[in-house]
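Take a look at the structure below.
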Amino acid sequence: MNIDLFRMVNNLGKDLTYLNPTIVFVAEYMVFLLALGHSFLVYKKQK
């Protein structure tokens, strides 16, 4: 099942090439977005 799911997601890059820049952006900056979201939640909880 894991291999089939991996291949299905991997083949989307070939079929939907217009999504590649968006996926690369998300993969590149997801750490920063998660850190920003976490900081926001911590700040909001303190108030």
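What the table below lists for this structure:
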item	result
MRE, 222 nm, helices only [DSSP H, n ≥ 4, -39500 (n - 2.57), over the chain, to nearest 500]	-30000 deg cm²/dmol
Percent of alpha-carbon pairs separated by more than 18 Å within the chain	55 percent
The chain: angle of helix 2-15 to the longest principal axis, Cα-based, in degrees nearest 10	80 degrees
Angle in degrees between helix 20-46 and the longest Cα principal axis of the chain, rounded to the nearest 10	20 degrees
Net lengthening on full extension, Met8/Ala35 (0.36 nm per residue, minus Cα-Cα)	6.8 nm
Of all accessible heavy-atom area on the chain, the percent that carbon and sulfur account for (1.4 Å)	69 percent
Extension gain from Gln46 to Val26, taking 0.36 nm per residue of separation minus the Cα-Cα distance	4.3 nm
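The values are calculated or read from the model by the stated rules, or taken from the named source; none is laboratory data. Treat the numbers as computed from the prediction; the structure is a model and nothing was measured. Surface accessibility is based on the protein's heavy atoms, side chains included, excluding ligands, DNA and RNA. Shrake-Rupley method; radii C 1.70, N 1.55, O 1.52, S 1.80 Å.
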